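Take a look at the structure below.
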Amino acid sequence: MCNKKYIANNIKNLLLITAFLLLAIPVFAHGDLSIQIAEKTKAITKSPNNFELYYERGLLYQQHVEYNKALNDYIKSESLGNTNNDLKYSMAEVYYLSEDYNKALKFISNYLEIDSINVKAKKLEAQILFNLKAYKKSLKAYRYVINQMVDTRPEDILEYSNIILAENPNNYHDALEAIDYGLKQLGLNTLSLQLKKLEYLEASNQVKKVLEQYNYFILQYKRKEFWYYKKAKYLQKINKPKDANIALQLAAISIEQLDAKFKNTNSIIRLQTQIKNLETTLN
Amino acid sequence: MIKKTTLIIMLLFTAYSFSQTATTSLVSSTKPVKPTVLVERGPYLQSGTATRVIVKWRTNLATESVVNYGTELGALAMNKTSSNVTKEHEVTLSGLKANTKYYFNIGNKKGVLSESVTGDMYVITAPNIGTKQFVRAWILGDAGTGNNNQRAVRDAYYNYVATSPENTGKTDMMLFLGDNAYGSGKDDEYQKAFFDIYDNMLKKSVAWSCLGNHDGKSADSEKQSGPYYDIFTFPTKGQAGGIPSGTEAYYSFDYANIHFIILDSHHTNREIGGAMYNWAENDIQNTTQDWIVTLFHHPVYTKGSHDSDTEDRLIEMRENFMPMLEANGIDLVLNGHSHSYERSYFLNGHHGFSNTFNGDEMTKGGHTVGTNGHGNGKIDSDGAYQKTNEATEGAVYITTGSAGKISGGDLNHQAMFLSLNQLGSCVMEVADDGKGGQNLTVKFISENNEIEDYFTINKTGLAFNADDNKPEQNSSMVSYESHLKTLNITVNPNERLKKVKFYNSIGKLVKKSRKESISVSKLSKGLYVVEIITNINTYSESIKL
Ligand SMILES: [Fe+2]
């Protein structure tokens, strides 16, 4: 134990000295990938048969959006005996990013043979399948992702519902169900999901629900002028000019009630022109 | 040579930490002592509003969570307890009074584990949304080196705020611009470069942040978790004002009369029409606050250690987000990423490359705003940048990423009034201008206590809420007697009233009448469109009941 302490103290001293030396080393501009790549290249020259180094440089190339070089390094790493599953994932990813979806699928399948429950890999598989237009399979993979994901983001729900519609362009029922699932998970007023819901309701001509959705936004918002205008536009589209007019008036009143500093922002000035134009077409 | 040394050091480090662990475990196995619960991190404050705040801390052993709090230091009469046994404590205090100082301490059911007898552990709740009062925010970009540079920058601000003649010692919030802990935002890196450095401030000022690329390295974007997301608790459901984003990656909050929009320029899709863009557009178009500030990591203008002419994230934020934010009245844009201080003129509509900037261009589409927009923005020289109810354009862009290190660069972006390769942090102060408006002033405080730059944006007509002074809404045809809850309709002498229809705020027909004097006592408060139909014409008026 004494001995150990002695060593530890010596190490401490050494650390102090070397820490001092470190201060003299210029700190690299952060995010400077090319410097890191050059360093890896140097290391590779010294030990040209180290598959780890090729893999690591490949990752750097990939971050630097040099997919061909990344791929070459991955292939080299593999040929030197790298059987790590992470390499398979990276190869799938770089093939996916360079839009070679068939090869990407091959590697992600290899990966999933060993680790079939990895959510990240499943998501990539779903994205690859989506691009291969294998929507049924893509949907199945993404369903797994949605169910297993710890912390869902609105973007995940949007991607999922998008795949549902790719698989069957008329399946607004399931797409809307996915959105509702997301709303329950992330909060009932999550904006990007409520917007998507509006879009799907409109696309599937559920007029009554569309209007309810516009009213939801109108009631939910402090400033309602943009939503009144959007609702008016929709009412015009479904040939309800009288209701559209009322909505436009409500938009105008809402603008009237704004603080002066908002009345003169470019977005409100633009909105007022849009309201006038719509009024003209209605009357 | 250097490389070899580094490798040796790293090896030694590993050996050293192993031997340390070994020693510790030896001690505990030979001489068993009752383990003591220690606070290893925090307490720190999150997501503060006028009525609630989240207190977080970490203990070495799992235990219950207790926060004792009260408005008098010697008498913390209230407490919030969670019997859940955990090392990661997160307690929400709610039902608080606005603009009120609450002292607190933290502990478990056995007792207090961390307190400040001098009263330096407290939360001052936010004022009610919309309140006009002095606000001070400390702004830190790319701080997380954990070295003496970072400490010097910190101490310069501590010194500034302690000696500030106005609101001495008060920091309403800390705004972190990302890259809060190098190299990859891991938990131990956050300990060294965030908690160990700012612990004194974190226990009395709410910290907000956006995600930097280095934080993003350890944040698992697929599982949407990782140290950054674990450490911070941000409002995803609009708890602090603003529209619910459903994610901590981007969110908004209100403080006093300022609306803050926090964007993720690193992981999240930056396209127009993407989820973040749609959210931001709806969020900014729903605010009624006097000031709008946005923060995100990647700078829209920089020629520092990064280049906004060549790097995709920077270009996308500028081209996609700036036109929308500008059209909706943004006042201040805070970025980091380049480790320098670069501060713009008073800009609008400059979305191209640095060499397309023309400071004399003031017409639609850019680039500077107002007669002194190409000046220095200093009240005591070229004058404050000016915004009025009529002239709503103009924002200042600050790339301030030198709170932990400097990395040089050309530092010659044309849109910048000043570019400095200097360590420092910024302070934003919003205060009454004494003329019925407010000044938003930002100062850059260098690590050696100098104020190297400052500027002011002035807004007129913020003395009182305009809503309070709206005249009675009467038109030529409709007059409302609020005490009688009666609406009187007057039609032209040559016309005869046939019908009056009331449409509510969602355009639904809610009342019909044929009378000229109509009781509206049964209608709920809100906006109505009143349609007046005579034998000759149909008119419509609006009324707010
Ligand atoms: Fe950065």
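Worth a mention:
- Every listed requirement among (1) at pLDDT 95 or above; (2) in contact with a Phe, Trp or Tyr (Cβ under 7 Å, 6 or more places away or on another chain) is met by A:GLU167 save one, (1).
- Among the residues of this structure, B:LYS101 does not count as one that is surrounded by fewer than 20 Cβ atoms within 10 Å (Cβ to Cβ) and out of contact with any strand residue (DSSP E or B) (no Cβ under 9 Å at 6 or more places or on another chain).
- When segment B:313-332 is filtered for residues that are open to solvent by 10 Å² or more (accessible area, probe 1.4 Å) and within 14 Å of the ligand (Cβ to nearest atom), only B:ARG313 remains.
- Counting only residues that are more than 9 Å from chain A (Cβ to nearest Cβ) and either of a type in the set (Phe, Trp, Tyr) or farther than 18 Å from B:VAL53 by Cβ (or both), segment B:221-267 holds 19 of them.
- From the options B:LEU140, B:LEU177, residue that is in contact with a Gly (Cβ under 6 Å, 6 or more places away or on another chain) and at pLDDT 95 or above: B:LEU177
- Note on segment B:146-235: enclosed helices (runs of 4 or more DSSP H) holding 3 or more residues that are under 20 Å from B:LYS405 (Cα atoms) and open to solvent by less than 40 Å² (accessible area, probe 1.4 Å) are B:148-163, B:213-216.
- One residue alone among A:ASN283, A:ASN264 is over 20 Å from B:LYS508 (Cβ atoms) and out of contact with any helix residue (DSSP H, G or I) (no Cβ under 9 Å at 6 or more places or on another chain), and that residue is A:ASN264.
- Tally, over segment B:527-537, of residues that are surrounded by fewer than 12 Cβ atoms within 10 Å (Cβ to Cβ) and free of Cβ contacts under 8 Å to residues at least 24 places away in the same chain: 0
- Filtered residues of segment A:223-245 (kept if closer than 21 Å to A:GLN206 by Cα and facing another protein chain (nearest Cβ under 7 Å)): A:ASP243
- Only residues that are within 22 Å of B:SER225 (Cβ to Cβ), assigned to a helix (DSSP H, G or I) and within 21 Å of the chain's Cα centre (by Cα) were counted across segment A:109-152, and they come to 17.
- Per the conditions (1) within 13 Å of chain B (Cβ to nearest Cβ); (2) buried (at least 17 other Cβ atoms within 10 Å of the Cβ); (3) of a type in the set (A, V, I, L, M, F, W, C), the sole criterion not satisfied by A:LEU201 is (1).
- Residue within segment B:88-102 that is acidic (Asp, Glu), within 26 Å of the chain's Cα centre (by Cα) and not in a strand (DSSP E or B) present: no
- When residues of segment B:387-430 are limited to those that are over 24 Å from B:VAL153 (Cα atoms) and open to solvent by less than 30 Å² (accessible area, probe 1.4 Å), the one nearest to the ligand (Cβ to nearest atom): B:HIS413
- Counting only residues that are more than 8 Å from chain B (Cβ to nearest Cβ), open to solvent by 60 Å² or more (accessible area, probe 1.4 Å) and under 13 Å from A:VAL119 (Cα atoms), segment A:145-165 holds 2 of them.
The values are calculated or read from the model by the stated rules, or taken from the named source; none is laboratory data. Small disclaimer: the values here were computed from a predicted structure and weren't measured. Positions of Cβ are backbone-derived with ideal geometry, glycine not excepted, and every protein chain shown enters the neighbour counts. Each accessible area value is taken on the protein alone, full model and side chains, heavy atoms only, with ligands, DNA and RNA left out. Shrake-Rupley method; radii C 1.70, N 1.55, O 1.52, S 1.80 Å.
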